[in-house]
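*Asks:* Please read through the structure below; I'll follow up with questions.
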Amino acid sequence: MNELFSNVTWSGSHLAVDDAITVSHWTTPYTNIYVNLAVFIIMNFVTTTVCATLPVPAGVFIPIFRIGAAFGRLVGECMAAWFPEGIRMGDNIFKILPGGYAVVGAAALSGSATHTVSTSVIVFELTGQMSHIL
């Protein structure tokens, strides 16, 4: 779960050793990070729906949180691939941080699944990334 929130673009060419190890967890010789993230989202969605219907007392907050984080990470990685230099607004260039997209995705999906705003606020307080709440 911590790997999804890292602010390093996995598709980047200049990765540190720790980041290269993280990327190796999300790639195979036959697929890239985009395919693996999409498969991760689909499989987690299917298993979450199956597990939520079982007559066993368990929560679905963490699986929903994980699916949202993975979807946000996928969107962030796609944005970083489409805009490798960042997004220009006037004289400023805003760098794409896929970890921020993961935080927003996790907060948005968990907030929409529980129908409470407080869940999203808790997520932003736990991660310390209050700038994304706006």
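The values are calculated or read from the model by the stated rules, or taken from the named source; none is laboratory data. These figures come from a predicted structure and were not determined experimentally. Glycine gets a Cβ as well: all are built from the backbone with ideal geometry, and neighbour counts include every protein chain shown.
*Asks:* Here's a check for you: in segment 91-107, which residue that is surrounded by fewer than 16 Cβ atoms within 10 Å (Cβ to Cβ) and of a type in the set (A, V, I, L, M, F, W, C) is farthest from T22 (Cα to Cα)? Explain how you work it out, then say what you get.
*Replies:* First pass over segment 91-107, keeping only residues surrounded by fewer than 16 Cβ atoms within 10 Å (Cβ to Cβ): 91-95.
The next check asks that each one be of a type in the set (A, V, I, L, M, F, W, C); those that pass are 93-94.
Numbers: I93: 27, F94: 24 Å.
Filtering first and then ranking leaves I93.
*Asks:* Filtering segment 10-41 down to residues that are surrounded by 17 or more Cβ atoms within 10 Å (Cβ to Cβ), at pLDDT 85 or above and of a type in the set (V, I, T), which residue is farthest from I62 (Cα to Cα)?
*Replies:* Checking each candidate, the answer is I33.
*Asks:* Quick check: anything in segment 75-97 within 24 Å of M43 (Cβ to Cβ) and more than 18 Å from the chain's Cα centre (by Cα)? So that I can check it myself, show each step before the final result.
*Replies:* Here is the first cut: in segment 75-97, the residues within 24 Å of M43 (Cβ to Cβ) are 75-81.
From the residues that got through so far, the ones that are more than 18 Å from the chain's Cα centre (by Cα) too are none.
No, segment 75-97 contains no residue that is within 24 Å of M43 (Cβ to Cβ) and more than 18 Å from the chain's Cα centre (by Cα).
*Asks:* Something else about it: Looking only at residues in segment 45-90 that are of a type in the set (D, E, K, R) and either surrounded by 10 or more Cβ atoms within 10 Å (Cβ to Cβ) or modelled with pLDDT of 90 or more (or both), which one is nearest to S13 (Cα to Cα)? It would help to see each step written out before you state the result.
*Replies:* Of the residues in segment 45-90, the ones of a type in the set (D, E, K, R) are 66, 73, 77, 85, 88.
Then drop every residue that is not either surrounded by 10 or more Cβ atoms within 10 Å (Cβ to Cβ) or modelled with pLDDT of 90 or more (or both), which leaves 66, 73, 77, 88.
Numbers: R66: 26, R73: 18, E77: 13, R88: 21 Å.
Going through the qualifying residues, I end up with E77.
*Asks:* Show me the helices (runs of 4 or more DSSP H) found entirely inside segment 1-97 where at least 1 residues are in contact (Cβ under 8 Å) with a residue 24 or more places away in the chain and touching a helix residue (DSSP H, G or I) at 6+ places or on another chain (Cβ under 8 Å).
*Replies:* On the way: elements: 17-25, 33-52, 61-82.
The qualifying helices (runs of 4 or more DSSP H) are 33-52, 61-82.
*Asks:* Here's a follow-up. Of everything in segment 66-105, what is under 26 Å from V121 (Cα atoms) and basic (K, R)? Give them in sequence order.
*Replies:* R66, R73, K95
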